[in-house]
Each structure stands twice: as structure tokens, then as C-alpha cells.
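Shown next, in C-alpha cells, is the structure this report addresses.
We did not get these values from a lab; they are worked out from the coordinates using the rules stated. Bear in mind the structure is a predicted one, so any value in this text is a computation, not a measurement. Here the Cβ positions follow ideal geometry from the backbone for every residue, glycine too, while neighbour counts run over all protein chains shown.
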Amino acid sequence: MSQVNDYVFSTEESSYPPNQRSLPFFFKNLNNSSHSQSDKIIGASYSHFDRPSGSRSRTSISPERTSIGSVGSLSPRLKTSKALKRLSVFDDDDDWDDGIEEEFLGKETKSLGKLYPDLEYVKPEFQQPSTAPARPVSLIRENYKDILEDPFVILNGLDLQDYKHHKLTELLNADSESLDLNELKKQSWKGLPTELRGLVWQLLLGYIPSNPSRRQSVLQRKRKEYNDTIEQIFNKSKDQIIWHQIIIDVPRTNPSIKLYSYPVIQRLLERLLYVWAIRHPASGYVQGINDLATPILQVFLQSYLVAQANVANLDPDKLDVEILNHVEADTFWCLTKILDTIQDNYIHEQPGIMRQVESLANLTLRIDEKLYTHIKEQNLEFLQFSFRWMNCMLMRELKMDLIVRMWDTYISEFPKGFNEFHVYVCCAFLMKFSEELKEMEFQEMIMYLQDTSKTENWDETDVEMLLSEAYIWQTLYRNATAHLK
């Protein structure tokens, strides 16, 4: 596992020499450890971890690599990407950009200073709403200020008689003290309209209450709590190990989507990821969490845009700062809701992912014994190709719009959608390529499974078929626990 994945806070720093007191206890006295390149398994994008065995070795790390307080003294990061490229069998990290790593961590560190002039403290970009008239931007809904206060206002702009999701809108418009959340889950399972997706996600994740009398007060309180936390955390020294990994990962996030190339979005992600890591010391920040924040961010931004606007190509500098502030807070809380259901995926040794991979293998044995046998005969471990599927929720395998559609169903299955149901979806995904895989040998199989181009022509119909097959298998095997043993 990568050092960041193994991060755990320590309360016993005083017993170590001064030059190591800034390190978590896990990193202390590791300089004599060794790490065999043959034991590495490539799974999550931009990360690796050790093959589980009776004796685990870890990559050594020196104390000077753990601090980035001084740009001039920043030690070059281990060239992990170049090392992995020598493992041709496992080299499929096509999202890795060596140029970014050189820019941040090469011998010339001037670019780091330009992008982050003060690594010790990055002032939060929360601002008071400007008193000047907002710039007229056609992409933003005219009633966006009302939607900020009460997300249900978005229903007022829909022509309910012509709207194809009339059952959903009738449900949301029902004059009652509390919504029927079970019926809302049924509607969400089949996919949500773009205009209402943000509202429904917040309801099903439990971020905003179904009782209309409490909605505005809860929203105001949660957003204020997040803003106060930002001010508190960023006004003191940061944990440099966590912060270092975040500022390296954020520029790599969804490089094919223009929205994430803007500094304002990158700063937004850095803040919410760092706050989450500090509030969850058992795991800290782990590579892959940055990806899970992005579907939520895009969906919530879309709520304030007109229907024809493409959020992926949005210039966030044209948005009112109040929109960005509220979307950041809402994204943080909903991401927290999701990660709470899969947090053991990110703690030491990632036991949650290990259970999911084992469940996938046993489920494959029950559904397609010939494929399972072939995989085993080729000495291919399920961990070698499915770790990334679990860690990144198939976000490396599918386009963002398909991930968002898939999350409609996952959230309707909340709190088990991102944990239990996801395993069945991964099994359905593997079965899609069963016949091709049976004709391949080890190296062909792993390269094929890691190749993302095989789904580049997929659309929502393919994803909905995937979800339907997963549902059938879940219905058949959920209570037949023998297949998970």
C-alpha cells in the first residue's frame, strides 16, 4: 500500500528524535525496510500497494521527504511512474502525467512556488457575496439565489404537464409534512433528470431533511459549520504529509474534463479533501477520494445552470462566488455521507476493498465457473485488475456522465449502494467481457481489463443493462451467503 494509504495519526511523537517528530508513527524507523518490485499490484489510478502476505515490506521514506514547508528544501519525490513503466505487464496508468510530476517535484521547483506561493498556509477563498451587481451570464439560472436558499425552488421552473418525469415531480411537490423516501428511491433507481438530480441526491443521502419546515435551517447550519471548520483548520499549521499528497493529486483529477483545469476548482477540491482528511484521522487522505468528490461537485454545480449548459466545459470564474461556496460545502457533506459507508476501504490495509475483491471472485465462481477457472489457470489474481474498480468506483472505466447515471442507482440503494451493490455491478462488468477473456493469456487479460478504451462507445443503455444484471444477481445471491465465503 502506498505510504499515504497507511497514514495514521500518532500521539506519541515526543519519544522520537527531533528529526522524526513530524512523522506519523508508521513512518518512523523504516529506512532499513526493503520493497520488492515483484510484489506490487497495480490497481487504483496513481497508486499501488503491496501484495498481502504473511510478511509485508514497505517502501522506505526519509524524514526530509515528509515536509514541504520550504520549497527550496523540497526533496524530489520517488519517480513512481517511471518505476511502474518498467513493469510492462501492469503498466496501464494512462492517466499519469509525468509532466505534472516534473512540474511539481523535479529539480526545478520554481513552478511550485508560482502555483502555491505559500505552502504553509493557503488562505481559504470564501468571500462575502459582492455588493456589486452580478455579471449577466446566460448559463446561470435567473432564480439561482432562491435555489441557494431552498433547493426545492428549482421545481418552479419546470413545465410539469409536459415533463417526462412527472411522477418524480409530483412526488417532490406533494403537499405533505414528509416526503415518501421509499418511493423517491424507486424513481431514482431508474435514473434522474439533470435538473432534479442534485436535489434528489441531497434528499436520499440525508443531507437535507424531507420535512420542509427544517430544510432551510439545516442547510444554513451545515454550510456555516463547514465554513467555520475551513477557517479553523487553515489558520493553523497543516499536516504536511496529507497536504502534500492532495496538492499532487488534485491537478491530475479528471484531466480530460475542462472544468478541473481551472485553479478555482482545484483550490475548492484541495480544501474539502483536506478538511475531510483532518476530520477522519483513521484514514487521512487516500488517493482515489479526490475522484469520488467530482460526480457530486458536477451534479451540484449543474443545479444552478440552465438546462442546456454543459457543466464539464463550464468556466467557474463566471459564477457568483456564493454559488461556489455553497456547492463546496454541500459537496463536502454529501461526500462524507458516502465515504462513511465505505470508510474501511481507506483505513490501514484497506480491509473493505479486500472483502469486495474476495466477494467478486466468489460471485464470479458462482455465475461463470469457466471464466473463474481460466483466470486462476492463468495465475491472474482478482486483486490485480479489480482493486481499481473498487477504489475508484469504476471511474477509470466509464465516462463521467455514465458514472453520474450509475450513482443515481447507487444513491437509491444507500447506504449499501457503494459497498454491497457495487460488487454486483463489478461482476456484471466483468461478465461483459467473459468470452473475450477466455481466449486470452495472462498478459493479454490484464492489459485488456485495464484498458479503458473498450467502453469508450458505451452510453446510458449499456450502463442501465449493467445495473439490471447486477440487480438480478443481487436478488439471487444476497441472502445466499455461501458465495461470499
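Can you pull the percent of Cα pairs in the range 143-341 with separation above 30 Å?
Working: 4407 of 19701 pairs.
More than 30 Å apart: 22 percent of the Cα pairs in the range 143-341.
Please list, in chain and number order, the residues 5+ apart from residue 305 or on another chain whose amide H is under 5 Å from its amide H, with Hs placed from the backbone.
141
When only Cα pairs under 8 Å and 6 or more residues apart are kept, what is the percent relative contact order across the range 351-478?
Working: 104 pairs, mean separation 40.6, N = 128.
After rounding, I find 32 percent.
List the residues whose amide H sits under 5 Å from the amide H of residue 173, counting only those 5 or more places along or on another chain, with H placed 1.01 Å from N in the peptide plane.
Here the answer is none, since no amide H 5 or more places off falls under 5 Å of that of residue 173.
Strictly over 18 Å apart at the Cα level, which of 399/438; 370/438; 337/399; 376/399; 145/318 would you flag in this model? Don't skip to the end; give the middle numbers.
Values: 399/438 26 Å; 370/438 8 Å; 337/399 23 Å; 376/399 30 Å; 145/318 15 Å.
Among 399/438; 370/438; 337/399; 376/399; 145/318, the Cα-Cα distance tops 18 Å for 399/438; 337/399; 376/399.
Compute the label zone of residue 264 within the range 326-342: residues whose backbone N is under 18 Å from the point 7 Å along Cα-to-Cβ.
Taking a point 7 Å out along Cα→Cβ of residue 264, the residues of the range 326-342 whose backbone N falls under 18 Å are 326-332.
When all C-alpha to C-alpha distances in the range 351-478 are sorted into bins of 10 Å, what percent of pairs does each bin hold, rounded to whole numbers?
With a bin width of 10 Å, the distribution comes to 12, 48, 35, 5.
Give me, ordered by chain and number, the residues 5 or more places off residue 378 or on other chains with an amide H under 5 Å from its own placed amide H.
Result for residue 378 returns nothing.
Between the range 214-230 and the range 240-310, what is the C-alpha centre distance in whole Å?
Cα centroid of the range 214-230 versus Cα centroid of the range 240-310: 20 Å apart.
So how far apart, in nm, are the two label points at residue 231 and residue 183 if each is 7 Å from Cα heading toward Cβ?
Here the answer is 4.3 nm between the modelled labels.
At a 10 angstrom cut-off on C-beta neighbours, averaged per residue, how do the peptides 430-442, 414-426 rank from highest to lowest?
Numbers: 430-442: 15.2, 414-426: 20.5.
The peptides rank, most packed first, as 414-426, 430-442.
What distance in nm separates the two pseudo spin-label positions at residue 377 and residue 443, each 7 Å out from Cα along the beta-carbon direction?
Label at residue 377, label at residue 443, 2.0 nm between them.
How much length is gained on full extension from residue 149 to residue 313, taking 0.36 nm per residue of separation minus their Cα-Cα distance?
56.5 nm is the gain from fully extending residue 149 to residue 313.
How much FRET efficiency would the formula 1/(1 + (r/R0)^6) give for residue 479 and residue 224, where r is the Cβ-Cβ distance and R0 is 35 Å, rounded to 0.05?
Values: r = 44 Å, r/R0 = 1.25.
E(calc), rounded to 0.05, equals 0.20.
Subtract the Cα-Cα distance of residue 366 and residue 240 from 0.36 nm times their separation in residues, and report this length gain in nm to one decimal. All intermediate terms of the calculation are to be shown ahead of the outcome.
On the way: separation 126, 0.36 × 126 = 45.36 nm, distance 4.64 nm.
Result: 40.7 nm gained on full extension.
Can you list the HN-Hα couplings for the range 177-194, worked out from phi with the Karplus curve (6.51, -1.76, 1.60; θ = phi - 60°), rounded to whole Hz and with x for Gly and Pro?
Using θ = phi - 60°, the values come out as 6, 8, 6, 7, 5, 5, 5, 5, 5, 4, 5, 5, 4, 7, x, 10, x, 4 Hz.
Which order do the peptides 243-255, 209-221, 381-393 come out in when sorted by mean C-beta neighbours inside 10 angstrom, highest first?
Going from most to least packed, we get 381-393, 243-255, 209-221.
Put +1 on the Cβ of each Lys and Arg and -1 on the Cβ of each Asp and Glu in the range 143-341; which of 336, 308, 193 then has its Cα farthest toward the positive end of the dipole?
336
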